[in-house]
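Report on the structure given below.
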Amino acid sequence: MSVVITRQEVKQDITQHEISALKTRFNLADAHTHQDQSVTQRQIVERLPELWYRAQGQTQYQSEQEFIKAFFTFHGQEHALKRHDEIYLVYAASIAMHITATYLRKRDMSVGLIEPCFDNLHDLLKHMEVPLSPLNESLFHSPEHVYANLETAAAKVDAIFLVDPNNPTGSSLFAEGPETFIEVARYCKDHGKLLILDFCFAAFIKASGGSRYDAYAILDEIGTQYIIMEDTGKTWPLQDAKCATIMSSKGINADIYSIVTSVLLNVSPFILNVVTQYILDSSEDGFESVRSVLDINRQVARKRLDGSFLNYLTPMVDTSVAWFEITREGVSADDLQAYLMDYDVYVLPGKYFYWSQPEAGQKYIRLALARKPEEFQQAVETIARALEKYNG
């Protein structure tokens, strides 16, 4: 049979795709959390009136510090708590990234940005007219070679911007210990580079059963200048009620703080109270409520889709997305995405993650895993049947 590829309006970035995906039956585009509440999370929802009045009855500072202590303790980043008053809260990770981009622009700094990565990072920096150079993910795969790799690849940039674990590939400097990260930090210190780290997916190191190394302690011990962003938005099923953090090394803290205060006053204390309860809940259950959903959906995706048409790419760290390579000759990610739209399934084409060379991403698609397992299975079965027809 012949297969007709439906042409659709041109999208400029991933977020525009994600907005369109909200209209489809099976939205596997955005990595936001759409799974059900666990039993204990439902109990938190039942306490929302209590949490509202609790937030109303305490100071903003108390709400902030309760969140900061819970979040950084849960993640094993206790060293940062020594400067807890210099951990700044914003209501979305993109705000933290905008603050970072503003700092870079004010300082006329150039950036070596990891590739592939979520295109929002590239777009924010581009819109702020920050000069960008790609740093291929492969540069960071070996602790023995990463220092020398950066001496060549990052020699002409002022800052190195990395995502760990990386979205969409799951690559991580910490996958086999802290040695690769230490070498990157050492290079940045020795060569006067600012190290910028997006840790917004770092919760999935814990969700994969691993432990996070204390990155803040490592950086301060080496003496590396840094800006670090973390987030809650991709971790717990909070209907986009979230909080992100931004922290910098002492030497640039005053400059970062002045940009933070030009952007916002505070995050809602009610939101902080709610998110803190989800963090404490995951501390109690060992992250089981998050891990179990992702494990079930990842297994379903691999079992049904890893085959003659798609190849599942095993990540260093299991995150909340699955990255597939298209193995069918002559089929691009744009083609496949448009075809699956005819079945009311929305996936992301890989070209947006390859921000300096979009064509290199045309052989990949990304599926979001943080969904209700029964609905995710229906979506995967629909994709599998659609691919069988494509084969026909």
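Projecting the Cα atoms of GLY57, PRO358, VAL345 onto the charge dipole of the chain (Cβ charges, centred on the Cα centre) puts VAL345 farthest toward the positive pole. Each peptide in 99-112, 71-84 gets a packing score, the mean of other Cβ atoms within 10 Å over its residues, and the list from highest to lowest is 99-112, 71-84. Assuming a ≥ b ≥ c are the square roots of the Cα gyration tensor eigenvalues, decide whether the range 40-283 counts as rounded (a/c under 1.5), prolate (otherwise, with a/b larger than b/c) or oblate. Prolate shape, in that a/c is at least 1.5 and a/b is the bigger ratio.
Tally up the carbon and sulfur contribution to the accessible surface of the range 40-283 as a whole percent, 1.4 Å probe, everything protein left in place.
Carbon and sulfur atoms account for 51 percent of the accessible area of the range 40-283.
For the range 175-204, backbone nitrogen atoms closer than 20 Å to the point 7 Å from ALA148 Cα along Cα-to-C-beta are found at 179-191.
Spin-label pair GLN37-SER133: with each label point 7 Å from Cα along the Cα-Cβ axis, the two points sit 5.0 nm from one another. Note on the range 257-392: antiparallel DSSP beta bridges, both residues inside, total approximately 90 percent of the bridges counted. Rg/Rh for the range 188-255 stands at 1.03; both radii use Cα atoms, and Rh follows the Kirkwood definition.
For MET229, MET128, the ranking by accessible surface with the largest value first comes to MET128, MET229, using a 1.4 Å probe. Annotation for the range 140-204 versus the range 260-293: alpha-carbon center distance of 27 Å. If only the Cβ of Lys and Arg carry +1 and only the Cβ of Asp and Glu carry -1, the dipole of the chain around its Cα centre is close to 460 debye. Bridge orientation summary for the chain: considering DSSP beta bridges with both residues in this region, about 45 percent are antiparallel. For the range 281-355, trypsin sites (Lys or Arg not before Pro) meeting the loop criterion (DSSP other than H, G, I, E, B) and having at most 11 other Cβ atoms within 10 Å: none. Percent of C-alpha pairs per 10 Å bin in the range 222-296, short distances first: 16, 37, 29, 17, 1. Fully extending the segment from LYS189 to VAL45 would add 47.3 nm, taking 0.36 nm per residue of separation and subtracting the current Cα-Cα distance. For the range 132-229, the share of DSSP beta bridges that are antiparallel, to the nearest 5, is 0%.
Overall, the anisotropy analysis places the range 176-307 in the oblate class: the square-rooted eigenvalues a ≥ b ≥ c of its C-alpha gyration tensor yield a/c not less than 1.5, with a/b not exceeding b/c. Quick one: grab the alpha carbon gyration tensor of the range 96-143, order the square roots of its eigenvalues as a ≥ b ≥ c, and give me rounded if a/c is under 1.5, else prolate or oblate depending on whether a/b is larger than b/c. Cα axes put the range 96-143 in the prolate bin.
Build a GNM of the chain with springs between Cα atoms under 10 Å apart, and of ALA217, ALA301, ALA202 the one that fluctuates most is ALA217.
Rolling a 1.4 Å probe across the protein heavy atoms gives the chain an accessible surface of 42 Å² per residue. A simple count of charges around LEU150, restricted to other residues whose Cβ falls under 14 Å of its Cβ and scoring Lys, Arg +1 and Asp, Glu -1, yields -2.
Among the listed pairs LYS242/LYS372; LYS206/LYS351; LYS126/LYS193; LYS126/LYS363; LYS106/LYS189; LYS106/LYS126, those with a Cα-Cα distance over 23 Å are LYS206/LYS351; LYS126/LYS363.
Tell me, what does the Kirkwood hydrodynamic radius of the range 15-131 come to in angstroms if you use every pair of distinct C-alpha atoms? Taking the inverse mean of 1/r over all distinct Cα pairs, the range 15-131 comes out at 18.1 Å.
The values are calculated or read from the model by the stated rules, or taken from the named source; none is laboratory data. Remember, predicted model here, so these are calculated numbers, not experimental data. Methodologically, a virtual Cβ is constructed for each residue, glycine included, from the backbone with ideal geometry; neighbour enumeration extends over all protein chains shown. To get the accessible areas, we keep the full protein, side chains included, count just its heavy atoms, and leave off ligands, DNA and RNA. Shrake-Rupley method; radii C 1.70, N 1.55, O 1.52, S 1.80 Å.
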